[in-house]
1. Beta carbons within 10 angstrom, averaged per residue: use that to sort the peptides 347-355, 94-102, highest first.
2. Could you sort 323-329, 423-429 so that the peptide with the highest average Cβ count within 10 Å comes first and the rest follow in order?
3. Please compute the per residue accessible area over region 402-498 with all protein chains in place, 1.4 Å probe, rounded to a whole number of Å².
4. Considering only the other residues whose Cβ falls under 15 Å of the Cβ of N216, what net charge follows from Lys and Arg at +1 and Asp and Glu at -1?
5. Using the heavy atoms of the protein chains alone and a 1.4 angstrom probe, what is the accessible area of region 260-382 per residue in square angstrom?
6. Which value in deg cm²/dmol, rounded to the nearest 500, describes the helix-derived mean residue ellipticity at 222 nm for the chain, given -39,500 (n - 2.57) per DSSP H run of n ≥ 4 and division by the residue count?
7. Would you mind checking the tilt of helix 353-364 against the longest principal axis of the Cα atoms of the chain, expressed as 0 to 90 degrees and rounded to 10?
8. So what's the angle, to the nearest 10 degrees on a 0 to 90 scale, between helix 122-136 and the longest Cα principal axis of the chain?
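The values are calculated or read from the model by the stated rules, or taken from the named source; none is laboratory data. Because the structure is a prediction, the values reported are computed rather than measured. So basically every Cβ, Gly included, is an ideal-geometry build from the backbone, and we count neighbours across all protein chains shown. The area values use the complete protein model at the heavy-atom level, side chains included, leaving out ligands, DNA and RNA. Shrake-Rupley method; radii C 1.70, N 1.55, O 1.52, S 1.80 Å.
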Amino acid sequence: MEFTAKSGNPEKQRTACVVVGVFEPRRLSAAAERLDEVSGGFISNLIRRGDMEGKIGQTLLLHNAPNTLCDRVLLVGCGRERDLHDAQYRQIMTTTVTQLNDIGAMEAVCYLTELHVKGRDSHWNIRQAVEVMEDALYSFDNFKSKKDTTRRPLRKIVLTVNSRRNLADSEKAVAEGYAIAQGVKLTKDLGNMPGNICTPSYLAAQAQTLDKEYDNILSEVLNQDELEQLEMGSFLSVAKGSRQPPKLIVMNYRGGDAADKPVVFVGKGITFDAGGISLKPGAAMDEMKYDMCGAASVFGVMKAAAELKLPINVIGVVPACENLPDGAANKPGDIVTSMSGQTIEILNTDAEGRLVLCDALTYSERFKPEVVIDIATLTGACIVALGRHPSAVLGNHPPLVHDLENAGKSSGDRVWELPLWEEYQDQLKSPFADMANIGGRDAGTITAACFLSRFTKKFHWAHLDIAGTAWKSGEKKGGTGRPVPLLTQYLLDYCADK
Ligand code: BES
Ligand code: MN
Ligand code: ZN
């Protein structure tokens with residue numbers, strides 16, 4: 001879809017459809033009011049008769065509005081004006097774009113970006129509109145032999161701003177929203193891809209694709225023998241149970257000076273997690289194809305950074321392998337030696353994410369990073385603790401956690417901090433090795449982060465557990481593309497501070 005920003009009067013728009021809002025109860029927004037005036041009460045007459053209350057989700061399509069240049073006017077319910085917060089705004093945009101797509105309008109001018117959302121400005125409104133509309137029109141039909149295509153799909157949306165003065169800023173907002181949406185789409189696509197196609201080698205090929213697509217992304221893939229040379233005993237032990245060779249994927253985006261320290265993202269890339277010998281129960285096991293969503297979000301944020309030509313250096317590191325039961329697989333009680341030299345007793349082979357991440361984190365030391373952020377569908381316990389709204393954040397550097405919290409608030413892709421206190425470290429004691437890979441039933445998300453913290457002493461680090469946010473289960477099953485909006489916002493803020 002093509003998006004542009006513009007300012008101007010609704011009656012002057014020569015377009016297939018002009019979109020304006022109606023608040024509950026039956027109150028016109030400023031743009032609707034304007035159309036009503038020029039058309040001699042065309043809208044207010046209909047509304048008075050009870051055709052539209054203004055509830056969120058309601059729409060009404062009008063033809064032949066007098067004294068306007070558009071083919072149609074779409075009225076969209078906006079709920080009560082004083083209750084217009086982020087969530088309501090997103091719903092309004094979702095309803096709008098689905099309706100526009102259904103009614104066969106190939107282009108539209110949308111005045112809903114001029115609504116006042118509590119605590120937000122027009123930049124936010126425009127950017128969110130682009131992100132939400134792209135999100136709502138997404139579908140994954142790569143594996144459907146018959147695709148259900150819309151006959152006259154929406155091609156172009158003009159988003160309005162109420163003042164010419166804001167136009168330049170709005171164009172920037174469109175560009176940001178569009179770059180984030182492209183990153184989100186890539187992340188969803190990779191997540192939704194089935195495990196038999198999206199293997200570690202497939203992810204490695206994706207990195208090569210990004211390398212070809214963008215001049216300033218350079219990708220490198222380390223194979224099994226190189227991982228052996230690096231002595232990544234922990235990562236390799238997980239890969240042993242699979243017939244797919246492991247890959248350590250490194251993507252290097254160079255937008256800053258050669259001397260600028262990079263931001264490093266490390267993404268868990270388990271392309272299928274059956275649990276290994278500590279086999280998972282069968283119910284919903286298909287969803288463990290999403291266990292590479294941390295990796296997918298690293299691909300997405302690399303793409304968004306390159307699209308936005310951010311003036312910084314960003315590195316993405318993805319340890320990718322499968323976790324399957326096999327005669328050669330890890331067994332409970334096995335002890336492995338990580339790249340850091342620390343030994344690990346594997347008490348549960350299903351706690352494999354930390355085993356691949358720890359070596360990737362140690363590997364990241366070589367980049368002399370400004371910060372390292374890892375992203376992982378790490379623990380089911382995270383969903384128990386926080387549900388599916390925020391991602392969990394834990395880290396060893398409070399300013400970094402704080403920056404992520406702020407990026408979450410402004411992007412709407414939120415995080416919630418859990419404590420990474422020393423006291424929890426005791427749960428990882430092992431009688432035979434330096435640590436165990438699990439910490440018992442209590443505080444599973446925290447003990448997983450405690451495990452990782454033992455490999456991140458040399459840099460500022462934060463961990464995002466996206467187990468509850470990376471995909472949706474049930475009827476609307478599918479990748480969400482989170483936390484690409486969060487991480488891209490973090491990078492935008494990082495550039496602004498620099
Ligand atoms: N990939 C899973 C975590 C997960 C499970 C994410 C369900 C989302 C939904 C991870 O590898 C795992 O299996 N973790 C175990 C850890 C436990 C053995 C300490 C878990 O959460 O049960
Ligand atoms: Mn697991
Ligand atoms: Zn896993």
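1. Details: 347-355: 24.2, 94-102: 19.8.
The most tightly packed comes first, giving 347-355, 94-102.
2. 323-329, 423-429
3. Computed with neighbouring chains in place, this is 47 Å² per residue.
4. -3
5. 27 Å²
6. Only helices count here, giving -11000 deg cm²/dmol.
7. The angle comes out near 90 degrees.
8. Roughly 70 degrees between the two axes.
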